[in-house]
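The structure appears right after this line, and notes come after that.
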Amino acid sequence: MHSLIEKWVEQYQKHGLDGLAVQSSRTIFSIEFKMNTVQMILEGMSFQEARRQFSLSDCSLLYRWLQQYQVHGTADIKMVEQLVEALKAKLYADLGYISQELKSRVKN
């Protein structure tokens with residue numbers, strides 16, 4: 001519990017009241033960002049310092065990125081990024097279809 005309060009204080013000091021706001025959307029990090037962050041950890045930066053430097057909410061992302069890198073190299077991170085892009089494209093296509101369907105029903 002103590003570390004949670006410290007995180008809140010840190011977020012408030014860095015971002016003011018906006019730092020305490022609940023985030024309603026997930027951030028999608030680029031492959032370059034993930035690889036740069038993993039490289040800094042491999043070069044000796046602590047997980048906590050990387051979390052603070054890159055304004056991440058917690059260290060779980062860093063642990064996961066490092067594990068993916070250690071097991072699969074960059075391939076796994078790239079595969080996940082490609083999958084996210086494919087899903088976004090499908091979602092946008094579906095939204096376009098739904099929008100057109102709604103417009104046609106409103107006209108009738």
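Values computed for the structure shown
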item: Within region 26-54, backbone nitrogen closer than 19 Å to the virtual label 7 Å beyond the Cα of K7 toward Cβ; result: 26-29, 38, 46-54
item: Packing-based ranking, highest mean first, of 61-72, 26-37, 84-95 given that Cβ atoms within 10 Å are counted; result: 61-72, 26-37, 84-95
item: Compactness of region 30-107 as Cα Rg over 2.2 N^0.38 Å, two decimals; result: 1.61
item: Vicinal HN-Hα couplings computed from phi for region 36-44 (Karplus, 6.51 cos²θ - 1.76 cosθ + 1.60; Hz; Gly/Pro x); result: 4, 5, 4, 4, 5, 5, 5, 7, x
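Just so you know, all these numbers are worked out from the coordinates, no wet-lab data involved. The model shown is predicted, which means the values in this text are computed figures rather than measured ones. Ideal geometry is used to build each Cβ from the backbone, glycine not excepted, and the neighbour counts take in all protein chains shown.
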